[in-house]
Structure formats: C-alpha cells, structure tokens
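The values are calculated or read from the model by the stated rules, or taken from the named source; none is laboratory data. Quick caveat, the model's predicted, so the values are computed rather than measured. Glycine also receives a Cβ, built like all others from the backbone with ideal geometry; neighbour counts cover every protein chain displayed.
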Amino acid sequence: MVNLVLVLADQLTHTLSALEHADKADDVIVMAEVADEASYVRHHPKKIAFLFSAMRHFAHELREAGWTVRYTALDDAENTGSIVGELLRAASDTGASRVLSTECGEWRLISALEDAPLEVTVLPDTRFIASHKRFEDWAEGRKQLRMEYFYREMRRETGLLMEGDKPVGGKWNFDHDNRKPAPDEVTFDGPLRFEPDEITADVLALVKSRFDNHFGDLEPFWFAVTRDQALQQLHHFIALGLPKFGDFQDAMMSDEPFLYHGLISFYLNAGLLTPLEICRAAEQSFTDGDAPINAVEGFIRQILGWREYVRGIYFLEGPSYTSRNYLEHSRALPEFYWGGETRMRCVSKAVEQTGRDAYAHHIQRLMVTGNFALLAGIDPHQVHEWYLAVYADAYEWVEAPNVIGMSQFADGGIIASKPYVSSGSYINKMSDYCKGCHYKVTAKTGEIACPFNVLYWDFLIRHEERFRGNPRMGQMYRVWERMDEERRDTVLSDAAEVLAKLDRGEVI
Ligand SMILES: Cc1cc2nc3c(=O)[nH]c(=O)nc-3n(C[C@H](O)[C@H](O)[C@H](O)COP(=O)(O)OP(=O)(O)OC[C@H]3O[C@@H](n4cnc5c(N)ncnc54)[C@H](O)[C@@H]3O)c2cc1C
Ligand code: SF4
C-alpha cells in the first residue's frame, strides 16, 4: 500500500519521524508551496523565499537519496492552495489513502489535518529534546512553570555542561557575568551571506511577483538554504561570535544589527539544524578552550532551556493561547510597525532592520518593539500577528509564547513573573539608539520627553490593581508615591497625550 509522507516547510530534516517511518521503495513524499501558508499572515518576503528555496533544495536532496517526491510549486496550475488540498489531490492521483505526518507546530494545521477526509498517522516530532509527555510530567503539580528549573532538568538529562551531577563551573546560570551594554566596536562580522543559486533565483522571481505588497525587503537575499550552508553558518558563529555572545547578548547598536548573535534560528526552526547538535558544538568550543563558560552556558540555555520550554508551554496551554488578553489591551497596532514614520529612534531602527533582514535579536524584540506595544496597550493578538509575519524564524509554537506570554503578559504570567516593561533609561543603557533620537531620554515630562518614560508610569498606574502586590514591582510603586503630586499629574497627562496622538494616527 502506498503512503503519502507529508513534509512541511519547517520539517526539512532527513531524520524526520515521518521519513523514518516511511518506505523509500513505495511511499510518495508530498511537499507543497501553498498560498494559504504563505499568506494567512502577511509573511515577510525574505521568509517566504527562504522557505520555498530551502524546500526545493531539500526535495532535490530527497530525490538524490532515492525518494519519490511529489512537489507542488506555488505557480503550478493545479495547485489547490492548501496543504490538505494538496494531500487530497495526491491521494486521488496515486490511490494512496494513508498519510504519514510529523506533528505540525501550529494548532491551526493540526486541526486541518485532523479534519481532513484522509487517514492521517501523526508521529511525534523527535527533533525536540523534550517530548510533550516529558514537559507535562515536569509541569504537573507545579504552581509556577519557571524556565530555569526545567532547564536544569534538561541539563541533567542531556549531560550538557555537566560534571557528574554538578553543573560545569559550579553554577547553573552565568547571566550575572553577561548583559554588558553596547561595546565601542564589534569584532564579529555577522552571519555568512550566501549567493543565491539558480533554484533560489527562480524562487526570488516568484516571490517578487506574488508577495511584493508584503512588508519587508526581498533582496539582497543572503540566507542559507541547505543544511550544508546552515552548518557553515553554525560553525562560523561558534568560532567567531560565540566567545562574546554572553557579554553582549542584551546590547543593541544602530549599525550592528547582528552583534554577536548566532543567526541560526531560521535554520534551526526550519529543520536544517537540530538543537542537540548546536548545543554540542557550543559545548565543544568550551571544552576546547575557545569560548568562556558565560557565553557557552548562556547560549545553550537559550536552546536547551528557552526554546524547549516555550514549545512545552504552547502545547500545554492549547489552541486558545493566542487569544489570551489578560491586561485587556485593545489599541490598534500603529502604522510605524509596518515602516510608517516614527521619531522614536529605537523603534524605527528595530523596524527598519526587521524590514531589511526579517531579523531582530531578542532584546530588540522584547525591550523595544515588544516593550512599546505593552506600554501603549496594543491588542496582543495584533502584536502576535505582527511578530509571526515579520520574522523569518517565526512559527506559532515558538513565536506565540514569546509574544503573548513573555513580551505582552497576555497569558497573565504563565511565562513571565512580571511584565517586561521599562522606561527609556534601560534602552539608553543597553544601546546607542538614544544619542541621535528626536526625544530626550533624560527628560521625564514635556513634549521632548522619551515616550517610554511617560508610558512606563502610565502602564504601572493603569494596572496598579494587578501589579502592586507583585514582589518584584512593589519598589516601582514606592518610587511613584514619592513623586510630588503635580509631577505625577504631568506624567499621566503627557502619557495620555502620547496615546491620543497614537489614536489619531499622528507621528510620535
Ligand atoms: C517578542 C519575541 C518574539 C520572538 N519570536 C521568536 C520566533 O518567532 N522564533 C524564534 O525562534 N525565536 C523568537 N524569539 C526568541 C529570540 O528572539 C530568537 O530566537 C533569536 O533572536 C533568534 O536569533 P539568533 O539565532 O541570532 O539567536 P541567538 O541570540 O544567537 O540565540 C541562540 C538561539 O537560542 C534560541 N532562543 C533564544 N531565545 C529564545 C526564546 N526566547 N525562545 C525560543 N528560542 C530561543 C534560538 O533558537 C536562537 O537561535 C522571540 C523573542 C521575543 C522577545
Ligand atoms: S530617547 Fe526614548 S524613544 Fe528615543 S531612542 Fe531612546 S528610548 Fe527610544
């Protein structure tokens, strides 16, 4: 009996469970570029081009390895436009009635496959370190699901950076040594840039013709599109960027969009790299004396800890997670998130970079665009759709917990123990953005005051009932109380004016 083997755009891994359970001699692999997936949010053109090109290269590798691959290109005349449509068409053409699939990373697709009039066998996604069962067992009975404790268990289980049952270096977490402000100069040149080959050139032409009206620049296109290239990027980063990754992990610089970051999430999330191989390569660099423990531990924590943890939360919390709105925020996402004008230099730099590269690093996402959206009370669902669209590494299982949970506190504190909000002073400390800004970061009130400064207090006061009792926030409420009343009134009325301008669509 012939089976169809579904391979999705983020499942480009030769050891994928669906492939491991398939029969090379008889089964037919189904891969499809479909309009539904490319446009259910308006994905960045670079992201679409990356995935289509990586899919085409992967299909080629599968054929070379002896598989039969049925590949539908976006512009094929018979393309039905959806994954289920393509499976049904393949089933009718081949006579297959059974589909093998590795679990999808999004509830929307999971339920589309469940509802399809086909027999679908869903296999676990073994590319993750923690299975659903492992995460559920860990979460069971805990009042708070703090990443740090989950991470320690993952360290013990994988043996990464362990000496027997003790963490290497005597501590689980070296963050205390990290988080230095922006350096004077950056010695790492950033990611490798790959010249588009013929396959990529075809994809670029296709994406240009179909998605030119999506936010973001298609070209220059420089992403890796094969596992070989992704491995080159990984080793390039491990050799040259990792040693200083920890020190400058939280820094932001206007002219250094990549600083010492890995630029591997695109490749990892699409399946071109696997989490354990990345962690082992980083660990090796420490063992060889090439990178210090604060960098290597910090980096491994992001992948072994945060990445596995947010996936666990996404599947634990279920399909309703993306509609959570604990703080009842409802303001529309301002136009400047799509490249419209703003005088806030930090936001305009982060958005400009996002438009150019479909990338911004963690602190730009969290403490600039995310922080502003939270302070200004933007509808978290709109914020979620924005992040899902504009970043080339964004898939709902990883994006939603980071946005709905960590960044917008819309899950009521499942992920974050307090909202990630700050005034302009944090941005000023960690970046060089404020120097050339229209606003003055040291001005606390008045026309020229940094909008983050007034919105910060406005946020705390708006949500006083919810947060006053939070032990990590009490100190800020005491600072507010020590301000004289006149000043407090001015801060709140300045904040109201900023928000009114936003609502009127005026430039802020
Ligand atoms: C609001 C917000 C939205 C985000 N959306 C996404 C997203 O859609 N997809 C995504 O992969 N990451 C997301 N992140 C996490 C993080 O910003 C990116 O993983 C990172 O910027 C990717 O760039 P890099 O490869 O250079 O990472 P590095 O800084 O070099 O970090 C190494 C790796 O650690 C992993 N990692 C780090 N932090 C996280 C995290 N919080 N959650 C999951 N993995 C993490 C990534 O795989 C990353 O490649 C988001 C963070 C925030 C605050
Ligand atoms: S002054 Fe405020 S708005 Fe301007 S760059 Fe600094 S933090 Fe951003």
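Does residue 397 satisfy the criteria of being away from ligand 2 (no atom under 16 Å from the Cβ) and within 20 Å of residue 502 (Cα to Cα)?
No; evaluated as a whole, the condition is false for this residue.
Pairs only if they're at least six apart or on different chains, beta carbon under 6 angstrom, first in the range 284-296 and closer than 10 Å to residue 238 by Cα and surrounded by 17 or more Cβ atoms within 10 Å (Cβ to Cβ), second modelled with pLDDT of 95 or more and hydroxyl-bearing (Ser, Thr, Tyr); list them, first residue then second.
The qualifying pairs are 291/285.
Wholly within the range 325-436, which helices (runs of 4 or more DSSP H) include no fewer than the required count, namely at least 3 residues that are away from ligand 1 (no atom under 12 Å from the Cβ) and either buried (at least 20 other Cβ atoms within 10 Å of the Cβ) or modelled with pLDDT under 95 (or both)?
Passing ranges, in order: 345-357, 424-430.
Within the range 418-434, does at least one residue satisfy the condition of being more than 16 Å from ligand 2 (Cβ to nearest atom) and over 27 Å from residue 54 (Cα atoms)?
yes
Under 7 Å between Cβ atoms, which residue pairs at least 6 apart in sequence (or on different chains) link something in the range 1-23 that is in contact (Cβ under 8 Å) with a residue 12 or more places away in the chain with a partner that is part of a loop (DSSP other than H, G, I, E, B) and of a type in the set (Val, Ile, Thr)?
Going by the 7 Å Cβ cut-off, the qualifying pairs are 13/274; 16/7; 17/126; 18/7.
So, of the residues in the range 437-451 that are outside any helix (DSSP H, G or I) and within 16 Å of residue 368 (Cβ to Cβ), which turns out to be farthest from ligand 2 (Cβ to nearest atom)?
438
Only one of these is out of contact with any Ser or Thr (no Cβ under 7 Å at 6 or more places or on another chain) and modelled with pLDDT of 95 or more: 103, 86, 119. Name it.
On inspection, the qualifying residue turns out to be 103.
When both residues are 6+ apart or on different chains and their Cβ atoms are under 8 Å apart, which pairs have a first residue that lies in the range 247-276 and is over 13 Å from residue 362 (Cα atoms), and a second that is of a type in the set (Phe, Trp, Tyr) and assigned to a loop (DSSP other than H, G, I, E, B)?
That search, which allows pairs on different chains as well, returns 247/260; 254/433; 266/223; 266/359; 269/395; 275/128.
Scan the range 332-364 residue by residue and report those that are touching a residue at least 24 places away in the same chain (Cβ under 8 Å), charged (D, E, K, R) and within 26 Å of residue 443 (Cβ to Cβ).
335, 341, 343, 345, 349
Return the residues of the range 299-351 that are of a type in the set (Gly, Ala, Ser) and under 22 Å from residue 432 (Cβ atoms); say none if nothing qualifies.
Selection gives 339, 348, 350.
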